[in-house]
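Data block below; observations after.
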């Protein structure tokens, strides 16, 4: 549970010996009772917010009849039937092609984003071009254009050149979708490389490759990894582009999921199992990036 | 491109006459600096800017792919339709209502949660992890769960809990909600607030923890009440974080498609502009009209984005100045 550590350092200022004055001040307001109440409230709200996720996981292990009861059957026997159903035991429709499409498009587009964004971020932070702030805001402004405003020409183009239902076209779309935010995140992480270290390395006559490997990479690596994970999540989640640009061959997992509910008979446990399976990669990626999630999502504006 | 290079070479160097080689060397150096930037820049211009120019052109055409022979220049006709057609006007209103209510509600709840998480208590890290979970469920999956597992009127968890609580008091006639058909937009709002509150909470928590503690401690020493400290110290400090969270959230929620598509399929007045545009070109094949609506969304986003850019820029300048 190393992911839980980020909360720890932030609590240090309150407990450090330098804040004796504060401690005395707080004792007047009875901090223990105060914090117990706050902790209780926080825990109640945390459980409330997590309950749909917990319910989703629990229901996915119930049988269809136990899943659809009112009041809910919390203690019903657990079974893997819903997962077997999701993987097509009776219907014969396997979700694997769509899951593989999602993995392919998310991983390859993320790789492409890194290839384009790392040099760009380098030219915006470590050896910045002139007017680099203007370039940054150009990148950001492209992200602010809603996908719907460009999707029709992209669709028409894909149809004309025969790229509809082609995973490579989707990969290019996801790359453009994530590139601006990746440049912003990456710039903020590369800007953390101390200038003195760069100068010292240059004076010592280190070449660019050596500086990249020995000076920049160690400082920026966690940030680059977090950027990659966030880009992966955004691509994996995407629905609109995938729905319009893909079909039976290149359809991704979210597209599969929208066509999954037939409305016939009982399907609740199956839907929950599907939601769990499809969300697992995002949950893992998100918790892996937890330390840098805020900095990434706020485009580096918040540390 | 030559003008750009000329502008970048420093005026001081152009004065000297033998500076010809120095100047070209400097130019080469400037291009060497720019080179790593160019692939990303060119890629983005081709994939995002060009299509938008095409959208702009199509928006002035009368183009329905089902009757391709009637394609003609339409002037502002499509824009008039966007602003007068009752369905599309409803979509504009829905987009605004949806965005404003989701952003405000998730900001407020996120602020409350951030204030609680800023205190020390047992299992704080775990509580924080649990609170992030909603943000890490695939949006389509989250919408399906809300639709079928939580809000379903017959066997959803919400009504199930109501039945259970009422049965504890011996009642067999519990109140049962049917949010999806009685207040579908509220259902969309609730599910989106659930997903976006963690995002706001994370940004505000980071803001709280960057607050200079010495002034807070001094205020406490002077006997300031917690409310006074919150009102006069914490809130002013959080202002730019509130703005940042709200504006980044707004940019994403304006574009929301997944929830509307999955929860209500745009029925009963829940179709927002992205969904309406999708239907206009994907099912109705009205390319000109869909493009005009797309341009309207962009104009709306630019208005929000101008404020967003200003906020991001003020935080950014502070960081760049360090």
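FYI, it's all coordinate maths here, none of it is from the lab. Everything numeric in this text was worked out from a predicted model, so none of it was measured. Don't worry about glycine lacking a Cβ; one is built from the backbone with ideal geometry, like all the others, and counts go over all protein chains shown.
Sorted ascending by nearby beta carbons within 10 Å, beginning with the fewest, A:122, B:287, B:79 become B:79, A:122, B:287. Both numbers refer to the Cα atoms of chain B; Rg and Dmax are 26.6, 99 Å.
Centroid-to-centroid, using Cα positions, the range B:116-141 and the range B:160-182 are 28 Å apart. Comparing A:229, A:293, A:152 in a Gaussian network model of chain A (Cα springs below 10 Å), the most mobile by mean-square fluctuation is A:152.
Largest mean-square fluctuation among A:187, A:127, A:84, in a Gaussian network model of chain A whose springs join Cα atoms under 10 Å apart, belongs to A:127. Taking every residue in A:175-187 and counting other chain Cβ atoms within 10 Å of its Cβ, the average works out to 2. Put in line by how crowded their Cβ is, counting other Cβ atoms within 10 Å and starting with the fewest, B:148, B:237, B:232 read B:232, B:237, B:148.
Which whole number gives the average, over all residues in B:45-56, of C-beta atoms from other chains lying within 10 Å of the residue C-beta?
Working: counts 3, 2, 9, 13, 5, 4, 11, 5, 2, 6, 8, 2.
Shielding by partners across B:45-56 averages 6.
Distance from the alpha carbon centroid of the range A:162-179 to that of the range A:223-248 works out to 10 angstrom.
Below 8 Å between Cα atoms, with a sequence gap of 6+, how large is the relative contact order for chain A in percent?
Working: 299 pairs, mean separation 83.4, N = 303.
Across chain A, relative contact order equals 28 percent.
Between residue A:69 and residue B:168, take the C-beta separation as r, use R0 = 22 Å, and let me know the FRET efficiency to the nearest 0.05. Calculated value: 0.85.
Once you have the alpha carbon radius of gyration of chain A, what is it after dividing by 2.2 N^0.38 Å, with N set to its residue count? Walk me through the intermediate numbers first.
On the way: Rg = 24.3 Å, N = 303, 2.2 N^0.38 = 19.3 Å.
For chain A, the normalised Cα radius of gyration comes out at 1.26.
Its residue count N fixes a reference of 2.2 N^0.38 Å for the protein assembly as shown, and the Cα radius of gyration divided by that reference is 1.05. Using a Förster distance of 35 angstrom, determine the FRET efficiency expected from the C-beta separation of residue A:261 and residue B:304, and round it to 0.05. The value I calculate is 0.55. In the frame of its principal axes, the range B:147-198 has Cα extents of 37, 25, 15 Å, reported largest first.
Within 10 Å of each Cβ in A:108-119, how many Cβ atoms from other chains are there, averaged over the peptide? Intermediate results must be reported in sequence, preceding the final value.
Details: counts 0, 0, 0, 0, 1, 2, 0, 2, 9, 2, 2, 6.
If you average over the peptide's residues, the count of other-chain Cβ atoms is 2.
For chain B, relative contact order (Cα pairs under 8 Å, six or more residues apart, normalised by length) works out to 27 percent.
Counting other Cβ atoms within 10 Å as a rough exposure proxy, the listed residues B:43, B:73, B:199 run B:73, B:43, B:199 from fewest neighbours to most.
Before rounding to the nearest 500, sum -39500 (n - 2.57) across all DSSP H runs of length at least 4 in the protein assembly as shown and divide by the residue total; then give [θ] at 222 nm in deg cm²/dmol.
-21500 deg cm²/dmol
For the range A:135-154 versus the range B:242-296, the inter-centroid distance based on Cα atoms is 15 Å. Given R0 = 22 Å, the distance between the Cβ atoms of residue B:80 and residue B:252 translates into a calculated FRET efficiency of 0.15.
Between A:103, A:163, A:37, the residue with the greatest mean-square fluctuation in the GNM of chain A (Cα pairs under 10 Å linked by springs) is A:37.
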